[in-house]
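To start, the structure itself, in structure tokens.
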Amino acid sequence: MTVTIVGAQLGDEGKGALVDRWGGPADVVVRFQGGDNAGHTVVHDDEEYKLSLVPSGAVRGKTGVLGNGCVVNPRTLFSEVDTLDERGLEPDVRVARRAHVILPYHRVLDGAEEGEKEDEGLEAGTTGRGIGPTYEDKAGRRGVRVGDLLNPSVLRDRLEYVVPRTRRLAESVYGMDLDAATAPDLPVDLADAFDVEWLHDEFVDYGRRLREESMTVDCGDYLAERRAAGDRVLFEGAQGASLDIDHGGYPYVTSSNPTAGGAAVGTGLGPGVAGRGEVVGIVKAYLSKVGAGPMPTELDGPLAGQIRERGGEFGTVTGRPRRIGWLDLPMLRHAARASGFTGVAVNHLDVLADLDDLRVATAYDVDGGRVETPPATAERWAACDPVYRDVEPWPDVDWSAVEAYDDLPAAARDYLEVVGDAVDAPVYAVGVGPGREATVELTDPWSG
Ligand code: GDP
Ligand code: IMO
Ligand code: MG
């Protein structure tokens with residue numbers, strides 16, 4: 001039995017909170033895609049933890065695994081591990097030897113390509129963490145994997161091929177002067193980021209620490225052994241279905257598969273493992289989005305500002321104000337099918353309290369017809385007019401006193417029914433605040 005937690009929308013739905021909530025009975029919490037573009041928040045006992053790479057189960061002392069589908073920036077990893085250590089958590093983190101490594105030049109290329117696209121209005125608004133270029137190198141069979149960091153001569157071979165090629169790309173395609181002293185947002189000198197010797201020294205050191213702390217694993221073998229020993233595995237998705245490179249609003253997406261199928265490919269456990277377990281889609285009661293791309297239900301003006309302020313809708317990783325929109329049921333239907341939701345958790349009901357008007361989009365009108373799921377191209381999706389249904393707003397209440405489903409305002413319960421009907425899956429939990437206790441649980445996914 002496994003539980004897979006995935007984002008149903010555009011990221012930042014509150015996955016960290018639910019991983020924390022349902023991480024109790026788990027023994028191992030596994031990230032299967034993405035990297036430090038994620039920002040997952042866990043709030044417990046007045047302490048807030050913002051985790052980019054270390055799986056959110058660390059807050060409960062669970063083993064965290066970064067699967068082969070992840071892209072790993074060792075600098076972020078160790079800095080997060082050290083910070084958690086200082087806060088007394090002593091995280092036990094394992095990293096797949098098949099996972100790919102984000103090198104400093106990936107971050108440079110991420111920024112350079114976004115800069116070029118900006119001229120055409122095509123930028124995705126990436127987190128700048130080098131995610132796309134690292135997955136590009138993976139697909140191009142020129143990437144550096146975590147296992148390569150353990151073998152200095154293999155690492156040298158890899159770098160000697162890829163670094164001069166990447167230099168040529170930076171200089172000829174992007175016209176960069178790599179001898180300039182610094183690059184914005186890059187923690188190392190630009191020249192070092194493209195220097196084989198410097199990179200080799202730096203990343204051999206990371207490899208040494210990974211080895212000394214016995215952090216690397218063959219992910220599939222490791223997880224299979226833990227499962228054979230009776231341990232429970234929770235898969236922690238990052239991003240959300242509409243940011244999926246295959247199922248999202250391409251090209252305004254991330255470069256991995258946040259939908260539940262990623263839990264198989266990104267860990268080395270077969271599809272039946274996650275597929276026979278619970279797959280819980282995390283839904284925000286409205287939409288928030290960092291970065292560009294279609295969002296037919298987007299709001300502007302004071303109402304968006306009000307929801308943004310109340311919901312603290314500023315990027316965990318970048319601090320950017322998030323775009324805000326009404327709940328989009330076509331987007332949820334699409335996500336539910338792509339991931340095979342067995343249940344959903346609906347967060348942030350408290351944020352929507354006390355509004356004068358409340359709406360959800362039930363379908364879209366596009367090209368003279370009506371559709372129930374998003375069109376496959378971003379251009380057509382952007383051309384969609386939402387078909388709205390007015391729903392009754394609920395009052396602001398003392399959310400800390402809401403412990404059971406029946407304690408929720410009646411209109412909020414109606415709203416949950418609308419969501420459950422759209423995704424054809426039961427509501428397992430409802431978020432009425434950021435803390436562990438502020439989740440009203442209807443069904444414990446581990447009980448199935
Ligand atoms: P994730 O990336 O999906 O893990 O979500 P983030 O952590 O980036 O963003 C969700 C934010 O909302 C965090 O600050 C959470 O602490 C907070 N949060 C989660 N659930 C709720 C909820 O039900 N109500 C409120 N008000 N905040 C929530
Ligand atoms: P969590 O796990 C929200 C968005 C970026 C950009 C696009 C591509 O916290 O939900 P990337 O850096 O991945 O190449 O950027 O995806 N994005 C996220 N938005 N939450 C996230 O993660 C995100 N990770 C990436 O803003 O639009
Ligand atoms: Mg986030």
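The values are calculated or read from the model by the stated rules, or taken from the named source; none is laboratory data. Worth saying up front: this structure is predicted, and the values here are computed from it rather than measured. Because the Cβ atoms are built from the backbone with ideal geometry, glycine has one as well, and the counts that use them run over all protein chains shown. The accessibility values were calculated without ligands, DNA or RNA, using every heavy atom of the protein model including side chains. Shrake-Rupley method; radii C 1.70, N 1.55, O 1.52, S 1.80 Å.
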Exercise. Are any of the residues in the range 347-357 surrounded by 15 or more Cβ atoms within 10 Å (Cβ to Cβ), assigned by TED's automatic domain parsing to the domain that holds Asp12 and assigned to a strand (DSSP E or B)?
Worked result: yes
For this session: Output yes when any residue across the range 292-308 is within 12 Å of ligand 1 (Cβ to nearest atom) and either among the aromatic types (Phe, Trp, Tyr) or under 26 Å from Glu136 (Cα atoms) (or both), and no when none is.
Result: no
Problem set entry | Evaluation of Ala292 against (1) at pLDDT 95 or above; (2) away from ligand 3 (no atom under 16 Å from the Cβ) (one fails), failing number | (1)
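Anything in the range 49-83 that is in contact with a Cys (Cβ under 6 Å, 6 or more places away or on another chain) and either open to solvent by 20 Å² or more (accessible area, probe 1.4 Å) or part of a strand (DSSP E or B) (or both)? List them, or say none.
The answer is Asn68, and nothing else.
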Exercise. In this structure, is Asn37 within 12 Å of ligand 1 (Cβ to nearest atom), in contact (Cβ under 8 Å) with a residue 40 or more places away in the chain, farther than 25 Å from Asp444 by Cβ and not in a strand (DSSP E or B)?
Worked result: yes
Problem set entry | Tally, over the range 329-346, of residues that are in a helix (DSSP H, G or I) and among the hydrophobic types (A, V, I, L, M, F, W, C) | 6
Exercise. On the given criteria, is Ser339 polar (S, T, N, Q), under 20 Å from Leu18 (Cα atoms) and in contact with a Ser or Thr (Cβ under 6 Å, 6 or more places away or on another chain)?
Worked result: yes
Exercise. Within the range 1-14, how many residues turn out to be open to solvent by less than 10 Å² (accessible area, probe 1.4 Å), within 16 Å of Ala263 (Cα to Cα) and either within 9 Å of ligand 2 (Cβ to nearest atom) or at pLDDT below 95 (or both)?
Worked result: 1
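Does any residue of the range 41-48 turn out to be under 28 Å from Asp246 (Cα atoms) and surrounded by 24 or more Cβ atoms within 10 Å (Cβ to Cβ)?
Here is the first cut: in the range 41-48, the residues under 28 Å from Asp246 (Cα atoms) are 41.
Add one more test, that the residue is surrounded by 24 or more Cβ atoms within 10 Å (Cβ to Cβ), and what stays is none.
Looking through the range 41-48, none of the residues is under 28 Å from Asp246 (Cα atoms) and surrounded by 24 or more Cβ atoms within 10 Å (Cβ to Cβ).
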For this session: Considering every residue within the range 266-278, establish whether at least one is more than 18 Å from the chain's Cα centre (by Cα) and within 16 Å of ligand 2 (Cβ to nearest atom).
Result: no
Exercise. Which one is farthest from ligand 3 (Cβ to nearest atom) among residues in the range 16-25 that are open to solvent by less than 10 Å² (accessible area, probe 1.4 Å) and part of a helix (DSSP H, G or I)?
Worked result: Trp22
For this session: Within the range 31-49, count every residue that is of a type in the set (Val, Ile, Thr) and away from ligand 2 (no atom under 14 Å from the Cβ).
Result: 1
Problem set entry | Selected residue [modelled with pLDDT of 95 or more, closer than 24 Å to Arg227 by Cα and surrounded by 24 or more Cβ atoms within 10 Å (Cβ to Cβ)] from Val101, Val28, Val95 | Val95
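So in the range 277-319, with the set limited to residues that are among the hydrophobic types (A, V, I, L, M, F, W, C), touching a residue at least 40 places away in the same chain (Cβ under 8 Å) and assigned to a helix (DSSP H, G or I), which one is least open to solvent (accessible area, probe 1.4 Å)?
In this case the residue turns out to be Ile307.
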For this session: Name, by its number, the condition in (1) free of Cβ contacts under 8 Å to residues at least 60 places away in the same chain; (2) assigned to a loop (DSSP other than H, G, I, E, B) that does not hold for Ala363.
Result: (2)
For this session: For Asp46, indicate whether it is farther than 20 Å from Tyr428 by Cα and at pLDDT below 95.
Result: yes
Exercise. If Ala180 satisfies every condition in (1) surrounded by fewer than 21 Cβ atoms within 10 Å (Cβ to Cβ); (2) small (Gly, Ala, Ser); (3) in contact with a Ser or Thr (Cβ under 8 Å, 6 or more places away or on another chain) but one, which is the exception?
Worked result: (3)
Exercise. On the given criteria, is Tyr252 touching a residue at least 40 places away in the same chain (Cβ under 8 Å), open to solvent by 10 Å² or more (accessible area, probe 1.4 Å) and not charged (D, E, K, R)?
Worked result: yes
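Residues checked against (1) outside the structural domain of Glu116 (by TED's automatic domain parsing); (2) in contact with a Leu (Cβ under 8 Å, 6 or more places away or on another chain); (3) within 16 Å of Arg142 (Cβ to Cβ):
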site	(1), (2), (3)
Val162	no, no, yes
Arg167	no, yes, yes
Gly175	no, no, no
Val188	no, no, no
Ala193	no, yes, no
Phe203	no, yes, yes
